[in-house]
Each structure stands twice: as C-alpha cells, then as structure tokens.
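First the structure, in the form of structure tokens, and then the observations on it.
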Amino acid sequence: MGCCCWSFAFVGCSSCSSRISHLKAPASRLHIFSQLSPPRKTNNKSRYLRYRPAHPLRTNPPQKYTNLVHTRRFACATDSPTMEYKMIGPEHCAQVIEHLRHNFFADEPLNKAAGLCQNGSSCAALEDHCAEAIQDRMSVMAVDVKDAGTYKIAGVVLNGILKPNDTAKALEKLDSSGDAHFRKIFEMLHKHNLKHNLFEHFDVQSMFDVRILSVDSSYRGQGIANELVKRSVAVARKNGFRLMKADATGIFSQKIFRSNGFEVFSEQPYCKYTDENGKVILPVEAPHIKMQLLYKAICGDDQDDKVPNH
Ligand code: ACO
C-alpha cells in the first residue's frame, strides 16, 4: 500500500509509527535549492546577546552560554552541513502536520491567544488549511540530517496560491466550522484581508501566499525561518508570481518578512479587535501587539523588487 511518507526510504510516518519526523537518508541526497543563496552570515556577538540572560551586573557570559559562542560554527543552522532545504510534496503532508502540532499549533501568537490546542494535539480545521497549502507544491522545509542517516524536520514554510475570490469563500466556509477558536482567528484574518484588498490595489489575478511559518522549538534562533522565507521568495520568482503576501502575527515573524524585503500594507492592533461589548476577542500576549499584512512585489531580478505599476 502506498504511504504518505517521503518518497525515499523512511523510518516512520503518522500512519506507520510514532517516529514521525526521523527519516532514513535517501540513497543520494537531493540538494534542492542548495545553490539559491549563500550561507547566512553569522555574528558572534549577536548570537551571544540573544542567549544572554538579562542581568545588569553580568559582564561575561556564564559558563553554560559560552559554549554557544564557541560552537558558533553549529549555532547557525544555515551554515550547518547537516541542514538541507527541500520542496514539500503531498507525500510529506503527515510529517509536516506532525511537526506543526508540536511547534506551530500551540506556539503561534493567535493560536495561543485563542487557546486553539495543546502542544502535540491535533486541530482538524487548521490541519485542513495546512494540507490545502501543501497541495499547491510551493512549500519548503528545512531538514536536519541526523547521525545514522536519519532526518528531522527543523522548520517549514507553507505557501499557497491565492486567487481573488478565495478569501471571501473561505470566510463563508467558516460559518460551518465547528471549531469556535479556529473561527475566531480566521474571521479576523479573512476580514482584514477583504478590507485591505491586495488584489485590487496591485491589480493581480493571483498571489503567492506565505501561510504558515514554523520552526521546531529546539532549532529556533538559528536563522532557519529567515532562510525559509528567502527560499520562498525564490520559489515565487521562479514560478512567475508578481506579488507575495503574508499575515504575520507576531513581532519576530514580522521582522523576518521585513528583512526579506516585505513591506507593511496594513495592520490590525489586537487591542482594537473587540466584540460588541468592547471586549478584546484575541488577547494576544506581549510582545506581540498587532497583525501585519505584508506584501512583496516581485520583478525580474533580485535587486529589482519594486511595487509594480498599476
Ligand atoms: N527572540 C528574539 N528575536 C527573535 C526571536 C525570539 N524568540 N525569534 C526570531 N527572532 C528574530 C531574530 O533576532 C532574527 O533576527 P536577526 O537576523 O537580526 O538575528 C530574526 O528574527 C530571524 O530569526 P530566525 O532564527 O530566522 O527565526 P526562527 O528560525 O527562530 O523562527 C519563528 C522564528 C518562525 C517565529 C519561530 O519562533 C516559530 O516557529 N514560532 C511559532 C510559530 C509562529 O509564530 N510563526 C509565525 C506566524 S506568522 C505566519 O505563519 C505567516
């Protein structure tokens, strides 16, 4: 029987065993996109500062953090010889969903605010949303090649193709969703996108939609999300898209998109999204205070990404 796992040899998948994201090495490694961008530059100081605990009197890094500085070669995952970036196909869906259950479903700021689910548990509505994006074959994952030829998914970016009527239809479909938490989150996102209509503004008939950005908690702070967004831009360009968009829900994802050339189109402060009694619908935890709808116009070459004439 066919399996939902990787096309090459695997140890397990959600339908076969619990070791979902550890996969056996392929006979010959595919270095998809490995030439797309040079290794990310690292900065010892900033890496150290990121992990330094706040203490006004501390001038030297404590012992347990000095290792992070000294092993800098491995501190940046995009420099790591074991990290590979690959396109996600429908056959990877089960592994990607399993990664998201442990790293996105409970951690993403809006999901957290709505109490969507516990870490590791499933959420049918959000899983359908993710699976739909994977079908468009524009998504990318970072996989860490472990010892003995096993793989672990370190991060994913799920990208989909968005057409002018898709958001209105998705909003309509929300009425029949039995998941009130999911409805709360996506009602806000869809309504915002309908009000601040990128299709009308840029006069395009399709957009490259960066829907889900997620990095395994044990791999965060190493530049993986940044690299996934960078590679998504390359995928969008290669596939002839003129416009990319993303609903970035937290300050870190917003920073990542902006550093990849995205610009803010509109914003929704969370404290101003209230019900008829003035109660905040999604009480998102600090430091995240607003959702940003970001866009990136794509022209022919890397240096030339400007807002298209319309
Ligand atoms: N604290 C401080 N800075 C951070 C943090 C953090 N927790 N996370 C990211 N950053 C900053 C870094 O300073 C870095 O900037 P630099 O290049 O100047 O050093 C920049 O963001 C890029 O960081 P990465 O290492 O590439 O980000 P990472 O791989 O850790 O992934 C992510 C970030 C995706 C937000 C991760 O924390 C995560 O999966 N969170 C839960 C899910 C989520 O919130 N996803 C985004 C929702 S929006 C969307 O999906 C479209």
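Please treat every number below as a calculation from the coordinates, not as lab data. A quick note: this is a predicted structure, and the numbers were derived from the prediction, not measured. Positions of Cβ are generated from backbone atoms using ideal geometry, with glycine treated the same way; all protein chains shown enter the neighbour counts.
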Using only C-alpha atoms and all pairs of different ones, pull out the Kirkwood radius for the stretch 90-197 in Å with one decimal.
15.1
Classify the stretch 161-206 as rounded, prolate or oblate from the Cα gyration tensor: take a ≥ b ≥ c as the square roots of its eigenvalues, call it rounded if a/c is under 1.5, otherwise prolate when a/b beats b/c and oblate if not.
prolate
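Using a 10 Å cut-off on Cβ atoms, rank the peptides 272-278, 210-216, 293-299, 123-129 from the highest mean neighbour count down.
Numbers: 272-278: 9.1, 210-216: 24.1, 293-299: 20.3, 123-129: 17.0.
Highest to lowest by the protection proxy: 210-216, 293-299, 123-129, 272-278.
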Report the extension gain between E285 and M87 in nm, rounded to one decimal, defined as 0.36 nm multiplied by the number of residues separating them, less their alpha carbon distance.
68.0 nm
Let me know the shape class of the stretch 150-298, please: from the alpha-carbon gyration tensor, a ≥ b ≥ c as square roots of the eigenvalues, rounded when a/c is under 1.5, otherwise prolate if a/b is greater than b/c, or oblate.
oblate
Protection proxy ranking of 108-115, 241-248 - average other beta-carbon atoms within 10 Å, highest first:
241-248, 108-115
For R211, other-chain or 5+-apart residues with amide H closer than 5 Å (H placed, Pro excluded) are L158, N159, G160
Using a basic spin-label model with each label point 7 Å from the Cα along Cα→Cβ, how many nm lie between L194 and S121?
3.0
Please list 201-207, 132-138 highest first by mean number of surrounding beta-carbon atoms within 10 Å per residue.
132-138, 201-207
Above-threshold pairs, the threshold being 29 Å between Cα atoms, out of K152/K255; K152/K184; K152/K191; K112/K173:
K152/K184; K152/K191
Residues with amide H under 5 Å of E108's amide H, sequence separation 5 or more or different chain, H placed in the peptide plane at 1.01 Å from N; which?
none
Using the Karplus equation 6.51 cos²θ - 1.76 cosθ + 1.60 (θ = phi - 60°), what ³J(HN,Hα) coupling, rounded to whole Hz, does each residue of the stretch 208-218 give in order, writing x for Gly and Pro?
8, 9, 7, 8, 9, 10, 8, 10, 3, 4, 7
